[in-house]
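Heads up: the structure comes next, in structure tokens.
What follows draws every value from the coordinates through simple rules; no lab data is involved. Quick caveat, the model's predicted, so the values are computed rather than measured. Positions of Cβ are backbone-derived with ideal geometry, glycine not excepted, and every protein chain shown enters the neighbour counts.
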Amino acid sequence: MTALDVPPGPGFIASVAVASAIHHAEGYDVAQLLITHPGPRRPNETPETVEDGMRRLAESLHLGPGDQPPPFIGARITMRRRLVTLDYGHEQYVMTLPAPSEDWLALVERGELCRVALVAAPLTLDADQAKHDAHVTESLARGLVMWGTTHARRRF
């Protein structure tokens with residue numbers, strides 16, 4: 001067992017940023033989640049420990065490299081009314097997601113796919129769209145973007 005095999009704890013997960021969106025392709029829509037980290041904010045955090053935590057999160061989600069087709073990572077989304085969680089592989093905890101749009105909720109509730117993308121390198125919360133796009137492009141070139149495809153769990 002390596003350090004990457006251990007999912008990050010709830011303290012680290014509480015510090016990540018998650019954005020939801022819908023990608024409108026020709027003939028279909030795909031729900032999206034982008035997971036980033038704003039950088040060191042807690043005692044003893046450094047850019048290196050943040051990147052390590054993000055890599056551990058990517059590993060626990062079974063995400064693949066961003067420059068290859070996204071792997072299917074199983075049903076990881078649970079929805080109850082407007083509460084949406086992502087099972088990130090921890091034995092006791094799930095990640096609660098910020099409230100997505102009604103359109104995103106409807107898409108995922110119908111059983112459509114959701115693409116999860118994670119950027120391991122920290123990105124400040126005040127980054128504008130141009131900085132955000134440049135950061136994702138640079139991170140992809142450096143192998144710091146991982147992704148996968150999931151969907152909502154069915155409730156019986």
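For the chain, taking Cα atoms only, Rg and Dmax work out to 15.1, 48 Å respectively.
With the highest mean first, a sort of the peptides 112-119, 92-99, 28-35 on other beta-carbon atoms found within 10 angstrom per residue produces 112-119, 28-35, 92-99. What percent antiparallel are the DSSP beta bridges of the chain, to the nearest 5? Of those bridges, close to 75 percent are antiparallel. Summary of the geometry: region 49-96 and region 104-156, compared by the centres of their Cα atoms, lie 10 Å apart. What the phi angles of region 88-97 give under the Karplus curve with 6.51, -1.76 and 1.60, with θ = phi - 60°, is a coupling list of 9, x, 6, 5, 10, 10, 10, 8, 7, 9 Hz, glycine and proline written as x. Taken about its Cα centre, the chain carries a charge dipole of roughly 600 debye when the Cβ of each Lys and Arg holds +1 and the Cβ of each Asp and Glu holds -1. When you filter the GluC sites (Glu not before Pro) in region 2-109 for DSSP loop state and at most 13 other Cβ atoms inside 10 Å of their Cβ, you are left with Glu26, Glu91. Applying a DSSP loop filter and a limit of 14 other Cβ atoms within 10 Å to the trypsin sites (Lys or Arg not before Pro) in region 28-98 leaves Arg41, Arg81, Arg82.
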